[in-house]
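Single-structure report; data block below.
Just so it is clear, none of the values below were taken in a lab; they were calculated from the coordinates. All figures in this text were calculated on a predicted structure; none of them were measured in a lab. Here the Cβ is made from the backbone with ideal geometry for all residues, glycine too, and neighbour counts use every protein chain on show.
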């Protein structure tokens with residue numbers, strides 16, 4: 001695992017840990033995933049978790065560009 | 001010359017009730033538009049037989065699918081498969097916009113090899129954050145509004161003649177605008193804004209297309 005990904009992963013985890021762990025996102029089909037489960041995916045670095053890191057970093061970049 | 005537009009609008013669970021609400025505006029608008037003929041398959045009528053009949057009879061140039069999906073199919077009422085590799089050739093010479101999970105990844109590619117001009121959709125799950133107190137009335141759900149705006153941006157851009165590439169660009173701009181501007185603590189009783197921004201960024205990342213970028217309706 002490269003160091004760059006590890007830094008991004010930690011950043012994403014710290015942000016998610018500030019949210020209500022029971023808040024839910026609908027992820028299509030009939031499924032919902034809680035913040036707690038998002039954190040678990042990021043921690044386990046599965047495919048979904050790695051995409052979560054990628055998207056959250058992209059979101060931060062969008063926000064950093066200003067309104 | 002009248003352009004032909006086909007839309008599917010199932011509504012049998014919370015997720016499809018939101019998509020049904022999202023597409024209400026474009027459906028009403030096009031029913032009043034003289035140079036576009038709309039065929040809307042709704043509710044329990046959204047099944048494979050009705051969908052195939054409409055494709056054969058109308059040969060629509062633009063197809064807007066709302067519903068559940070996976071990499072290989074798009075679904076209608078009660079999860080009945082309405083489009084998959086076995087009938088996707090019926091979408092030849094058309095532009096399809098699938099507001100459904102995952103279907104661009106495999107079915108979108110197959111659609112192009114079977115003669116579709118373009119297939120727009122999501123390469124992963126379509127995410128949305130709902131207000132749990134509003135799930136019985138999606139039109140009043142403020143959390144869903146930025147997702148609705150982005151989805152409407154895409155279909156409006158396509159319907160009014162923008163190319164596939166331009167429509168994607170406009171929709172991605174709408175996602176970016178919402179990520180930057182959505183929400184304040186005043187209207188966020190559940191602290192959902194960071195999660196909404198994340199879900200918008202997810203949909204922004206995985207919205208894409210296969211086929212001809214210069215195609216238009």
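Per the Debye calculation on the range B:102-217 with a single equal scatterer at every Cα and no solvent contribution, log₁₀ I(q)/I(0) for q = 0.09, 0.15, 0.17, 0.24 Å⁻¹ amounts to -0.27, -0.69, -0.84, -1.30.
What fraction of the Cα pairs in chain B, stated in percent, has a spacing above 24 angstrom? It would help to have the intermediate numbers written out before the result.
Numbers: 8773 of 23436 pairs.
I get 37 percent for the Cα pairs in chain B exceeding 24 Å.
Convex hull volume of the C-alpha atoms in the protein assembly as shown, normalised per residue: 132 Å³.
For chain B, give me the percentage of DSSP beta bridges that are antiparallel, rounded to the nearest 5 percent.
Details: 9 of 28 bridges.
Around 30 percent antiparallel, to the nearest 5.
Reported value for chain A: 100 Å³ per residue, from the convex hull of its C-alpha atoms. Cβ-to-Cβ counts within 10 Å put A:47, B:24 in ascending order as A:47, B:24, the fewest first.
Taking other Cβ within 10 Å of each residue's Cβ, how do B:110, B:117 sort, fewest first? Write out the running numbers ahead of the final one.
On the way: B:110 18, B:117 21.
Sorted ascending by nearby Cβ count, the order is B:110, B:117.
Placing pseudo-labels 7 Å out from each Cα toward the beta carbon at residue B:214 and residue A:47 gives an inter-label distance of 3.5 nm. Distance from the C-alpha centroid of the range B:89-163 to that of the range B:42-79: 13 Å, rounded to the whole angstrom.
Within the listed set B:47, B:86, B:156, the residue fluctuating most in the Gaussian network model of chain B (springs between alpha-carbon atoms under 10 angstrom) is B:86.
A Stokes-Einstein calculation at 20 °C with viscosity 1.002 mPa s, built on the Kirkwood radius of the range B:1-98 over Cα pairs, returns a diffusion coefficient of 160 µm²/s. The share of alpha-carbon pairs in the range B:73-124 lying farther apart than 16 Å comes to 30%. Going from the residue with the fewest nearby Cβ atoms within 10 Å to the one with the most, B:43, A:19 rank B:43, A:19.
Shielding by partners for peptide A:58-65, expressed as the average number of C-beta atoms from other protein chains within 10 Å of each residue's C-beta, is 5.
Over chain B, dividing the summed -39,500 (n - 2.57) contributions of all DSSP H runs of at least 4 residues by the number of residues returns a 222 nm mean residue ellipticity of -11500 deg cm²/dmol. Computed over chain B with a Gaussian network model linking Cα atoms closer than 10 Å, the most mobile of B:130, B:31, B:71 is B:31.
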